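Undergrad: A single structure is presented below for examination.
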Amino acid sequence: MTHNDSRAAAGRLSVAVLGTGLIGIDLVAKIIRSGRLDLRLVAGRNEATPGLRRTAALGVPVSAGGVDSLVDVEHPFDVVFDATSAASHARHVEKLSPLGTTLIDLTPSRSGRMIIPTVNRADIPAHRDLSMVSCGGQASVPILHAITQAHQIDYIEVVTTCATLSIGHGTRMNLDEYVETTQEAIRCFTGVRDVKVMLNISPARPPATFRVAMSLLGPDLTTESVSSVVAGAADEVRSYAGGFEVKACTVNDGKAFVSVEVTSSGDRIPRYAGNLDIINSAAILVAESYAAERLSMAGVGKS
């Protein structure tokens, strides 16, 4: 039995977090609560960063050695959450994939298999580089996929609004990638080619709650049919992101408008930062789904 198989047999998979910004620190809080994930290391590149210091204060092992600290270990990690930058992700895949590690990518790098848990969770076990797309993608694609399964749609427009205080340095470096990756995910999961995505970073005080406004054009849209599928899709998302709420759902002359807001669960991020909460909650669900598959293969829970 290999070391990784032994850890799976013990009931949890070993995981590490790469990146100590807003996303990384919230991931730490969520992983600590998980019954299937064993947080073994949080790695950054500067030991003086507040995120690394706060993580160390929780009693979690930390390193300022970046990705190299995840490679230079006796036993490779089963899962690594990459919460760094799109430009860095390819190098992380190159270093960690040969070790058998599954990477869950929270950057908009577009290098791996895009996963939206309510749409294609079944794809998780077959891939070792799993892209969480973007916060806007995680909030919009479940709704848009549901509508396009029931209706012909000719055009989709998505406008995402985030509070400036909820956008960290890494995200600000990746704004173009954010838009491109979100557009690609919407095209992939809806089949609609004419897609436009916009991102607003709001400096308002008090900070604006994360929201996503979606407009769709199609010939057979009705209020009843759109409302029904949107409600069903929202219920599925709320099973792992409880702050997901539909604020508007209207249809008029072949145009549907759906607006959603997401509040965070209030771990180590403010409630308005639903953008961080939804992508992290989806990432944790992906990791736990992968763990469940691995644990099942290891015979955990079988009599």
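Undergrad: Of the residues Gly191, Gly232, Gly254, Gly218, which single one is in contact with a Pro (Cβ under 9 Å, 6 or more places away or on another chain) and under 24 Å from Tyr155 (Cα atoms)?
TA: It is Gly254.
Undergrad: Looking at (1) of a type in the set (Lys, Arg); (2) within 22 Å of Lys247 (Cβ to Cβ); (3) at pLDDT below 95, which one does Arg172 not meet, given that it meets all the others?
TA: If we test Arg172 against (1) of a type in the set (Lys, Arg); (2) within 22 Å of Lys247 (Cβ to Cβ); (3) at pLDDT below 95, just (2) comes out false.
Undergrad: Taking the range 203-226 on its own, how many of its residues are buried (at least 16 other Cβ atoms within 10 Å of the Cβ), within 20 Å of Ala256 (Cα to Cα) and touching a Phe, Trp or Tyr at 6+ places or on another chain (Cβ under 6 Å)?
TA: So the count comes out to 1.
Undergrad: Identify, please: which residue in the range 113-137 is open to solvent by less than 20 Å² (accessible area, probe 1.4 Å), part of a loop (DSSP other than H, G, I, E, B) and not hydroxyl-bearing (Ser, Thr, Tyr) and is, among those, nearest to Ile279 (Cα to Cα)?
TA: It comes out as Met132.
Undergrad: Okay, moving on. When only residues in the range 238-256 that are open to solvent by less than 50 Å² (accessible area, probe 1.4 Å) and either of a type in the set (S, T, N, Q) or not in a strand (DSSP E or B) (or both) count, which is nearest to Ala163 (Cα to Cα)?
TA: The qualifying residue nearest to Ala163 (Cα to Cα) is Gly243.
Undergrad: Have a look at Leu70, Leu41 and point out the one that is farther than 16 Å from Ala283 by Cα, of a type in the set (A, V, I, L, M, F, W, C), assigned to a helix (DSSP H, G or I) and modelled with pLDDT of 95 or more. Walk me through it before giving the result.
TA: Numbers: Leu41 fails: assigned to a helix (DSSP H, G or I).
After ruling out the rest, the residue left standing is Leu70.
Undergrad: Another question, then. Is it the case that some residue within the range 227-237 is open to solvent by 10 Å² or more (accessible area, probe 1.4 Å) and closer than 15 Å to Ser166 by Cβ?
TA: Checked the range 227-237: no residue is open to solvent by 10 Å² or more (accessible area, probe 1.4 Å) and closer than 15 Å to Ser166 by Cβ.
Undergrad: Step by step: first the residues of the range 138-169, then only those that are among the hydroxyl-bearing types (Ser, Thr, Tyr) and surrounded by fewer than 16 Cβ atoms within 10 Å (Cβ to Cβ), then the one that is modelled with the highest pLDDT. Which residue is that?
TA: The first filter runs over the range 138-169 and keeps only residues among the hydroxyl-bearing types (Ser, Thr, Tyr), leaving 140, 148, 155, 160-161, 164, 166.
In the following step, the residues that additionally are surrounded by fewer than 16 Cβ atoms within 10 Å (Cβ to Cβ) were identified as 155, 164.
Working: Tyr155: 98, Thr164: 95.
Among those residues, the one meeting the criterion is Tyr155.
Undergrad: Limited to the range 257-303, what total is found for residues that are at pLDDT 95 or above, of a type in the set (A, V, I, L, M, F, W, C) and open to solvent by 40 Å² or more (accessible area, probe 1.4 Å)?
TA: Result for the range 257-303: 1.
Undergrad: Among the residues in the range 97-108, are any of a type in the set (Ser, Thr, Tyr), assigned to a helix (DSSP H, G or I) and open to solvent by less than 50 Å² (accessible area, probe 1.4 Å)?
TA: Yes, the range 97-108 has at least one match.
Undergrad: Another one. Test each condition in (1) open to solvent by 20 Å² or more (accessible area, probe 1.4 Å); (2) within 18 Å of the chain's Cα centre (by Cα); (3) polar (S, T, N, Q); (4) at pLDDT 95 or above for Asn200 and report the one that comes out false.
TA: All conditions pass for Asn200, except number (2).
Undergrad: Could you say whether any residue in the range 8-29 is out of contact with any Cys (no Cβ under 6 Å at 6 or more places or on another chain), acidic (Asp, Glu) and assigned to a strand (DSSP E or B)? Talk me through it step by step, then tell me what you get.
TA: Restricting attention to the range 8-29, the residues satisfying the condition of being out of contact with any Cys (no Cβ under 6 Å at 6 or more places or on another chain) are 8-29.
Adding the requirement that they be acidic (Asp, Glu) leaves 26.
If we keep only those that are assigned to a strand (DSSP E or B) as well, we get none.
No, the range 8-29 contains no residue that is out of contact with any Cys (no Cβ under 6 Å at 6 or more places or on another chain), acidic (Asp, Glu) and assigned to a strand (DSSP E or B).
The values are calculated or read from the model by the stated rules, or taken from the named source; none is laboratory data. Everything numeric in this text was worked out from a predicted model, so none of it was measured. Note that each Cβ is placed from the backbone with ideal geometry, even for glycine, and that neighbours are counted across all protein chains shown. For accessibility, only protein heavy atoms count, side chains too; no ligands or nucleic acids. Shrake-Rupley method; radii C 1.70, N 1.55, O 1.52, S 1.80 Å.
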